[in-house]
Amino acid sequence: RRAGLLHDLGKAIDFEREGSHAQISAEITRAHGEREEVVHAVEAHHGEVEIQSVEAALVQAADAISASRPGARRETLEGYLKRLESLESIAMGFEGVEKVYAIHAGREIRVLVKPDDVDDLTAYELARDMAGRIEQEMNYPGQIRVTVIRETRATEYAK
């Protein structure tokens, strides 16, 4: 538990000292008398030091899970917008696409297709192909949901 709480201490001062935040966190915890098992788990949480305990593996896994959740990492507005534009651009590159919306902080794209150009089966194929292209061309944590929407409207008037 202590390693989980202390593992990112070095982030607060990594601009003042030489080394990664994991190394700095380990130095701080060691200097303040933490047990060597805690220091090791702190130091190994980014894989810079070989993991030698179950606790170190757990801290590393928990850190990775925590980092991959939406909003966990601060990202510049420019980087965020660029990622959304890339998602939308990839989807717009497919035949029959009318509009694309990146939503949920870029975790999902909704793609509206022209119903005259894209039939139901093709809509499923488009979703699969778009997901494949996103996997190939982009680097992102977690997963991105691709939803293709083909709308058909029927209107009739009663007189």
Check: Which Cα, out of 89, 104, 115, lies furthest along the positive dipole direction of the range 77-150 (beta carbon charges, K/R +1, D/E -1)?
Finding: 104
Next item on the list: With everything on Cα atoms, drop me the angle between helix 54-68 and the longest principal axis of the chain, reported from 0 to 90° to the nearest 10.
Entry: 40
Next item on the list: Once you have the Cα-Cα distance between residue 98 and residue 154, take 0.36 nm times their residue separation minus that, and quote the gain in nm to one decimal.
Entry: 18.2 nm
Item checked: Cα-Cα P(r), the range 2-68, percent of pairs per 10 Å interval -> 26, 57, 17, 0
Check: Under unit Cβ charges (Lys, Arg +1; Asp, Glu -1), what dipole magnitude, rounded to 20 debye, does the chain have relative to its Cα centre?
Finding: 600
Margin query: Can you compute the radius of gyration and Dmax for the chain, using only the Cα atoms, both in Å?
Written below: 23.4, 86
Notebook entry, point to check: By how many degrees, 0 to 90 and rounded to 10, does the Cα axis of helix 21-31 deviate from the longest principal axis of the chain?
Noted result: 30
Notebook entry, point to check: GNM on the chain, C-alpha springs below 10 Å: top fluctuator among 108, 37, 78?
Noted result: 78
Next item on the list: Taking chymotrypsin sites (Phe, Trp or Tyr not before Pro) as candidate sites, keep only those in a DSSP loop with at most 13 other Cβ atoms within 10 Å, then name the longest stretch of the chain containing none of them.
Entry: 16-156
Item checked: Distance (nanometres) between label positions extended 7 Å along Cα→Cβ at residue 78 and residue 37 -> 4.7
Next item on the list: Pop the C-beta distance of residue 138 and residue 11 into the FRET formula with R0 = 22 Å and round what comes out to the nearest 0.05.
Entry: 0.25
Next item on the list: For the range 77-150, just list the percent of Cα-Cα distances falling in each 10 Å bin from zero outward, please.
Entry: 21, 56, 20, 3
Checklist line | Crossing angle, helix 120-137 versus the chain [Cα axis fit, 0-90 degrees, rounded to tens] | finding: 30
Next item on the list: Run the quick spin-label model on residue 65 and residue 131: label points 7 Å from Cα toward the beta carbon, then report their separation in nm to one decimal.
Entry: 2.3
Notebook entry, point to check: Which of 104, 45, 32 moves most in a GNM of the chain, Cα contacts under 10 Å?
Noted result: 32
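No lab work stands behind these numbers, since they all come straight from the coordinates. Everything numeric in this text was worked out from a predicted model, so none of it was measured. Note that we place each Cβ from the backbone using ideal geometry, even for glycine, and neighbour counts take in every protein chain shown.
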